[in-house]
Amino acid sequence: MNDFLLAATVMLAGFVPVGIVCLRGGPIDALAALELAGALATTILLCLAEGFGRSSYFDVPVICAALTWVSGLVFARFVGRHV
């Protein structure tokens with residue numbers, strides 16, 4: 001196990017507080033937690049791709065980064081009416 005795989009494993013614990021905020025927070029707090037979860041998932045996937053040493057695994061974090069941005073816009077669009 002190298003340092004990148006260890007970092008990805010440790011960062012997985014960051015989803016616990018983000019999930020709690022998503023479930024119990026208000027709409028604006030949930031949007032911030034959603035964006036943080038996307039950034040965290042992208043970073044974890046980058047660490048896994050580097051840790052496994054496979055260049056083809058770098059496509060998934062790039063797509064994840066783009067979809068995180070789009071999902072935040074969609075969430076803000078539909079929840080923005082109710083805030």
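The values are calculated or read from the model by the stated rules, or taken from the named source; none is laboratory data. This one's a predicted model, so the numbers in the text were calculated from it and none came from an experiment. Quick reminder, even Gly has a Cβ in these numbers, built from the backbone with ideal geometry, and neighbours come from all protein chains shown.
Quick one: is L34 modelled with pLDDT under 90 and within 11 Å of the chain's Cα centre (by Cα)? Against the criterion (modelled with pLDDT under 90 and within 11 Å of the chain's Cα centre (by Cα)), L34 qualifies. Of note, V16 does not satisfy the criterion of being out of contact with any Ser or Thr (no Cβ under 9 Å at 6 or more places or on another chain), touching a residue at least 24 places away in the same chain (Cβ under 8 Å), surrounded by fewer than 16 Cβ atoms within 10 Å (Cβ to Cβ) and among the hydrophobic types (A, V, I, L, M, F, W, C).
The set of residues in region 28-83 being surrounded by 14 or more Cβ atoms within 10 Å (Cβ to Cβ) and polar (S, T, N, Q) consists of T42, T43, T68, S71. Candidates in region 1-29 are the residues that are closer than 16 Å to G72 by Cβ and under 13 Å from the mean Cα position of the chain (by Cα); of these, the one that is modelled with the highest pLDDT is V18.
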